[in-house]
Amino acid sequence: MALKVLVGCKRVIDYAVKIRIKPDKLGVVTEGVKHSMNPFDEIAVEEAMRMKERKLVNEIIVVSCGPAQAMETIRTALAMGADRGIHVEIPLDQMDTFQPLHVSKVLAKLAEKEKVDIVMLGKLAIDDDSNQTAQMTASLLDWPQGVFASKIDKTDAGLEIIREVDGGLETIRTTLPAVLSADLRLNEPRYATLPNIMKAKKKKVDKMTPADLGVDMAPRIQIVSVEDPPVREAGQTVADVDDLVAKLKEKGFSSA
């Protein structure tokens, strides 16, 4: 039986951009800054495409939550080969307090509405590094989860997933439906070709709001301050072990 996959795609500040703090220290500067699809979400889209090419999947739906500019992220995923998109509109002034819990609730509602078999996400977003959305989505749906996936195979009973853990690699088996998150070594995403970029402009994208899905947008956090990390001190060269020990004592790192 061919599967239906829902893939989450987040619009983030491009990884090559130097982040700047707003003067009020309540966030980072996003205006006039290059954005792109979260790299781990690109890997998730690519894996869904590869499953489709193996005839395991018959439809790929991509969803992005964000302001009007999130449509660019959806079009990128459609150009990679996804079938249709969903844009959950979030006002720009609410994005700073739009948390992984809100995203998880949106994804869970869409998964039920679309009757998907797999929810596929990147393991984390490179802007907030939360690594929470896949796990909370699985909990809300009461579905099994395969997070930090570096290999995914279809079995008669469901899926076999090799996942990256601190001690090495772990192999798990899950039934379907399931929630997955993509790790870095799962695949290398393809580049969208010009013909596919043109085709993506004609693919269907539905628009809705969290309220349409019955999701409460009330913030659970208050941003108090956003600051640059402290500047790292330059290293020092020591002549020998005695000099090293003396330096450690001087800095208060050793009492011996």
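Computed from the coordinates by the stated procedures, all read-outs in this text should not be read as laboratory data. What you see is a predicted model; the values in this text were computed from it and never measured. As a convention, Cβ positions derive from the backbone with ideal geometry for all residues, glycine included, and neighbour counts pool all protein chains shown.
Mean sequence separation of contacting Cα pairs (under 8 Å, at least six apart), scaled by the length of segment 1-104, corresponds to a relative contact order of 30 percent. For His35, the residues 5 or more places off, or on other chains, whose built amide H falls under 5 Å of its own are Asp14. Residues in segment 9-17 carry Karplus couplings, in order, of 10, 9, 8, 10, 4, 4, 4, 8, 7 Hz; the curve used is 6.51 cos²θ - 1.76 cosθ + 1.60 with θ = phi - 60°, and Gly or Pro positions show x. Kirkwood hydrodynamic radius of segment 135-256, from the reciprocal of the average inverse Cα-Cα distance over all distinct pairs: 21.1 Å.
Counting other Cβ atoms within 10 Å of each Cβ, which trypsin sites (Lys or Arg not before Pro) in segment 38-86 have at most 14 and sit in a DSSP loop? Walk me through the intermediate numbers first.
Working: sites: Arg50, Lys52, Arg54, Lys55, Arg75, Arg84; in loops: Arg54, Lys55.
Those satisfying the criteria are Arg54, Lys55.
The angle between the Cα long axis of helix 70-80 and the longest principal axis of the Cα atoms of the chain comes to about 70 degrees, rounded to the nearest 10. Scalar couplings 3J(HN,Hα) for segment 155-170, obtained by applying the Karplus form with A = 6.51, B = -1.76, C = 1.60 to θ = phi - 60°, are 10, 4, 8, x, 9, 10, 10, 9, 10, 8, 10, 4, x, x, 10, 10 Hz; x denotes Gly and Pro. Please state the shape class of the chain: rounded when a/c is under 1.5, otherwise prolate if a/b exceeds b/c and oblate if not, all from the C-alpha gyration tensor. Judged from the Cα gyration tensor, the chain comes out prolate (a/c at least 1.5, a/b above b/c).
Near the amide H of Val205, within less than 5 Å, lie the amide hydrogens of Gly85, all on another chain or at least 5 residues away, with H placed in the peptide plane. Peptides 235-242, 207-214 ranked from most to least packed by the mean count of surrounding Cβ atoms within 10 Å: 207-214, 235-242.
Applying a 10 Å radius around every beta-carbon, put 121-127, 67-73, 31-37, 190-196 in order of their mean neighbour count, most first. Don't skip to the answer; put the middle values down first.
On the way: 121-127: 22.4, 67-73: 16.9, 31-37: 13.3, 190-196: 11.7.
The most tightly packed comes first, giving 121-127, 67-73, 31-37, 190-196.
Could you tell me whether segment 60-112 comes out rounded, prolate or oblate from its Cα gyration tensor? Rule is a ≥ b ≥ c as square roots of the eigenvalues, rounded for a/c under 1.5, then prolate if a/b exceeds b/c, otherwise oblate. In terms of gyration-tensor shape, oblate. Helical content alone sets the calculated 222 nm signal of the chain at -8000 deg cm²/dmol, taking -39,500 (n - 2.57) per DSSP H segment of four or more residues and averaging over every residue. Taking every alpha-carbon pair under 8 Å whose residues sit at least 6 apart, segment 105-256 reaches a relative contact order of 20 percent.
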